[in-house]
Amino acid sequence: MKNFGFVKVAAAIPTVQVANTAYNAAQTLALIKQAAREKVRAVVFPELGLTGYTCADLFLKPALLDGAEAALEMLLKQTQKLDVVFIVGMPVRARTVLLNAAVVCYKGQICGVVPKTYLPNYNEFYESRWFVRALAFSGTDVTLCGQTVPAGTDLIFKAGGFSFGVEICEDVWATVPPSSTAALQGAEIIFNLSASNALVGKHAYVRQLVAQQSARCMCGYVYASCGFGESTTDVVFGSNALIFENGHELAHSTRFTDKSQLLCAEIDVERLRNERLVNTSFRTDCALETAEPYAEIDLAQPVMPVAQLTRVVNPLPFVPTGAELDEHCEEIFNIQVTGLATRLKAAHAKTAVLGISGGLDSTLALLVAVRTFDKLGWPRKQITGVTMPGFGTTDRTYKNALTLMKQLGINVQEISIKKACEQHFKDIGHDLKKHDTTYENVQARERTQILMDLANQTGGLVVGTGDLSELALGWATYNGDHISMYGVNAGVPKTLVKHLVSWVAAHETADKKIQRVLADVVDTPISPELLPVNSKGQMTQKTEDLVGPYVLHDFFLYHFLRGGFGPEKILFLAKHAFAGRFKEGEIKKWLSVFFRRFFAQQFKRSCLPDGPKVGSVALSPRGDLKMPSDANVQEWLKELE
């Protein structure tokens, strides 16, 4: 069993009693034990949690400081056999000064002490009254609970399969947070011990702050802020905990509760490493970092396998949920429209020519073209939509294509390809009854020739309709539908095309007839319609029966290119995402098909027409994917098998 780069972490929020170190230690211990039972590898607690953050001048009393140290000693003794790293906050005496510090502990040992870098001393905060900031602390170690241990902000801790750094509350609010440097020095996860009070609007700001820092540092970020029991003399603390991974929220706590909480999530460290490997800005910053290398402290914690994930694995990684779906659809549609408008004007084109099949992709391309011409103030009649019935065209798609074009008010042409294809079969000596690859590709190339010639006649551009998923699988005829003068769907995966067409129906037109056609297009099975219909006039060729479900292929594509994952991890993720929908054998079968086709069909992508990138995954050889057309797939198949 593997862990596939997943590290289970936690943010703990115990209830506290101000200055009652024994009570606070007991609450902390209970959550550490819970974390160990739940197979957490590292858990972080709030700032000054062993004493309470709101002790004020009591921080200067030896009784409180002795109590805090005794509380830590109790925790060390009680956790000697627990395989979990815990990070607690407490005041630490360092010779003649007092530090607001995080103490990193594992199996009865103090591994290091990280003092707070920036002390807030404004509004309701008076930390400089009691503590010395890290930059004014010249020592490199402290003696705590009878152990002399490393101390400083320049510490990186290596635990079970990951490395981490620590910062405290205000540090992340600073212009240059310590976590930025820690990330450049190799920290993959940052733990933040915080005591941020609740104010109107502040939670949203904190959430944005943590999200942005995790994205900027390409790291996991685990934030634990104090809650119930802190003094409410002037402020209230809201039990705020957050876990983020590279800008994406994995978990958040229940705020304003009087109960202790343990917030857990798995952070995908492998993905973070891949992100950093790809991002040249991050790599350059690392190379040019002038600071002395941070000290690495190896905790000798074993790597723990992960059998089950608690984090949600989205089966539709290209498709956002909730309100974000509408926002993303609008933005993607506008990117497509702007891309086409710019290309039309740059090419001094007078018209746009599209092949309209009544299927999903050509429908989306037509909707983009119509919106583009409206934006430019050009007549829609300068768009020529061509329906080209062939041997496999069904009445359903044929009628939808004609109805849609007429209702949208574009120039409509109908050109049957049957006679031209029959003549071509005769010319090359191909048996019309032999329904093989040649039979199919002749039709696709004939349609492309018609479109290209019409574009020449009208001084226009052929607008391509093929989508990102088809490009990934090479599901296009070379020099047929593979070719256009501008491919507006090149960056849009099939699972998102459906949502875009539905979004246009809901937001871009009030015409009920158009809305009905678009709804039927979305419901129509995906097919190139290149094989003859059956006796009932129904399609006999369904794409997903041949190459597999697009919902799976889009999932594979996203995690292969965006995450950089191999087949074994993609299979692991897919089993979680599609549990109850696809069996492992089905997923594995189509994953093998994906890799075989992806490698074998690269030659089609190597001469891909121009088209706009709309998301974080694209296949253009001029942009995201520079891959040899004759690369061998065996290493990936070997891992899968």
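Computed from the coordinates by the stated procedures, all read-outs in this text should not be read as laboratory data. Given the structure is predicted, the values throughout are model-derived calculations rather than measurements. Every residue, glycine among them, receives a Cβ derived from its backbone with ideal geometry; neighbour counts consider all protein chains shown.
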Practice problem: With an 8 Å cut-off on Cα pairs and a minimum separation of 6 or more residues, tell me the relative contact order of segment 514-618 in percent. | Solution: 19
Quiz prompt | Percentage relative contact order, the chain, counting C-alpha pairs under 8 Å, at least six apart | solution = 11
Self-check item: Cα gyration tensor category, rounded, prolate or oblate, for segment 526-640 with a/c compared to 1.5
Solution: oblate
Quiz item: Pulled fully out, how much extra length does the chain show between residue 248 and residue 457, if you take 0.36 nm times their separation in residues and subtract their Cα-Cα distance?
Solution: 70.2 nm
Exercise. If a/c stays under 1.5 just call it rounded; otherwise compare a/b with b/c (prolate if a/b is bigger, oblate if not). Do that for segment 389-432, with a ≥ b ≥ c from the square roots of the Cα gyration tensor eigenvalues.
Key: oblate
Exercise. Please give, to one decimal in nm, the separation of the simple spin-label points placed at residue 140 and residue 546, each 7 Å out from Cα toward the Cβ.
Key: 6.8
Exercise. Answer with a single label: of (1) 27.8; (2) 24.2; (3) 25.3, which was calculated as Kirkwood radius over Cα pairs in Å from the structure in view?
Key: (1)
Quiz item: Full extension from residue 175 to residue 22: what is 0.36 nm times the residue separation minus their Cα-Cα distance, to one decimal in nm?
Solution: 51.4 nm
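Starting from the Cα-Cα distance between residue 95 and residue 414, subtract it from 0.36 nm times their residue separation and give me the gain in nm to one decimal.
106.0 nm
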Quiz item: With r defined as the distance between the Cβ atoms of residue 395 and residue 233 and R0 fixed at 56 Å, what FRET efficiency is calculated, to the nearest 0.05?
Solution: 0.15
Quiz item: With r defined as the distance between the Cβ atoms of residue 380 and residue 603 and R0 fixed at 41 Å, what FRET efficiency is calculated, to the nearest 0.05?
Solution: 0.65
Practice problem: Determine the relative contact order of segment 6-298: mean sequence separation of Cα pairs under 8 Å and six or more apart, normalised by residue count, in whole percent. | Solution: 21
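Let's see if you can work this out: charge +1 on each Lys and Arg Cβ, -1 on each Asp and Glu Cβ, no other charges. What is the dipole magnitude of the chain about its Cα centre, in debye to the nearest 20? The partial results should precede the final answer.
On the way: 65 positive and 65 negative charges, 281 e Å.
For the chain, the charge dipole is close to 1340 debye.
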Quiz item: How much of the DSSP beta bridge set in the chain is antiparallel, as a percent to the nearest 5?
Solution: 55
Quiz prompt | Estimated [θ] at 222 nm from DSSP helical runs (n ≥ 4, -39500 (n - 2.57)) normalised by residues in the chain, nearest 500 | solution = -12000 deg cm²/dmol
Quiz prompt | Too-long pairs where the Cα-Cα distance tops 24 Å, listed order kept, from 542/604; 350/375; 8/588 | solution = 8/588
Quiz prompt | Paramagnetic label zone (point 7 Å from Cα along Cα-to-C-beta, residue 449; backbone N under 15 Å) in segment 420-437 | solution = 420-430
Quiz item: Using the beta-carbon distance between residue 533 and residue 37 and R0 = 45 Å, what value does 1/(1 + (r/R0)^6) give for FRET efficiency, to the nearest 0.05?
Solution: 0.15
Self-check item: Candidate aspartates and glutamates - alpha carbon under 19 Å from residue 569, same-chain residues fewer than 8 apart omitted
Solution: 245, 266, 268, 270, 275, 554, 584, 586, 635, 639, 641
Practice problem: First check a/c for segment 6-298, with a ≥ b ≥ c the square roots of the eigenvalues of its C-alpha gyration tensor; if it is under 1.5, answer rounded, and if not, answer prolate when a/b is larger than b/c or oblate otherwise. | Solution: rounded
Quiz prompt | Cα→Cβ-extended label distance, 7 Å offset, between residue 327 and residue 637, nm | solution = 4.4
Quiz item: Which pairs in the list 2/575; 399/426; 33/61; 2/39; 399/419 are over 19 Å apart, alpha-carbon to alpha-carbon?
Solution: 399/426; 33/61; 399/419
Quiz item: If we sort 107-119, 378-390, 124-136 on the protection proxy, mean other Cβ atoms within 10 Å, highest first, what's the order?
Solution: 107-119, 378-390, 124-136
Quiz item: Which value in nm describes the separation of the simple spin-label points at residue 511 and residue 280, placed 7 Å from the Cα toward the beta carbon?
Solution: 4.6
